[in-house]
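None of the figures in this text is laboratory data; all of them are computed from the coordinates on show. None of these values were measured; they are calculated from a predicted model. Quick reminder, even Gly has a Cβ in these numbers, built from the backbone with ideal geometry, and neighbours come from all protein chains shown.
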């Protein structure tokens, strides 16, 4: 899980450096759109890994509640 978060952070920092270097609004918007797509994907991957690691330790009902919470976060954040 931490490796995915580190990778995500490195991508964000790399994109910020590209924003500064390229100095083009169109390119910045394109990169920002890509980052906007990657954020939820990484969130779902990290949440899935967390659920898998916790699933063996808690009851299936609680795992279902956590999964429902993740789904509600994703649905609630959509426009």
So the angle from the long Cα axis of helix 2-22 to the longest Cα principal axis of the chain, reported in degrees to the nearest 10, equals 20 degrees
Rounded to 10°, Cα long-axis angle of helix 25-55 versus longest principal axis of the chain
20 degrees
When only Cα pairs under 8 Å and 6 or more residues apart are kept, what is the percent relative contact order across the chain?
33 percent
For residue 51 and residue 29, calculate 0.36 nm times their separation in residues minus their Cα-Cα distance, and state this gained length in nm to one decimal.
4.6 nm
As I understand it, the value is the acute angle between the Cα axis of helix 60-76 and the longest principal axis of the Cα atoms of the chain; what does it come to in degrees, rounded to 10?
30 degrees
Sorted by Cβ neighbour density within 10 Å, fewest at the top, the residues 12, 26:
26, 12
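Please compute the length gained on full extension between residue 5 and residue 78, using 0.36 nm multiplied by the number of residues separating them and subtracting their Cα-Cα distance. If you can, show how the numbers build up before the last one.
Working: separation 73, 0.36 × 73 = 26.28 nm, distance 2.15 nm.
24.1 nm is the gain from fully extending residue 5 to residue 78.
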Mind telling me which of 35, 65, 51 comes out most flexible in a GNM of the chain, alpha-carbon contacts under 10 Å?
65
Binned Cα-Cα distance frequencies in the chain - 5 Å width, integer %:
3, 13, 19, 17, 16, 12, 8, 5, 4, 2, 0
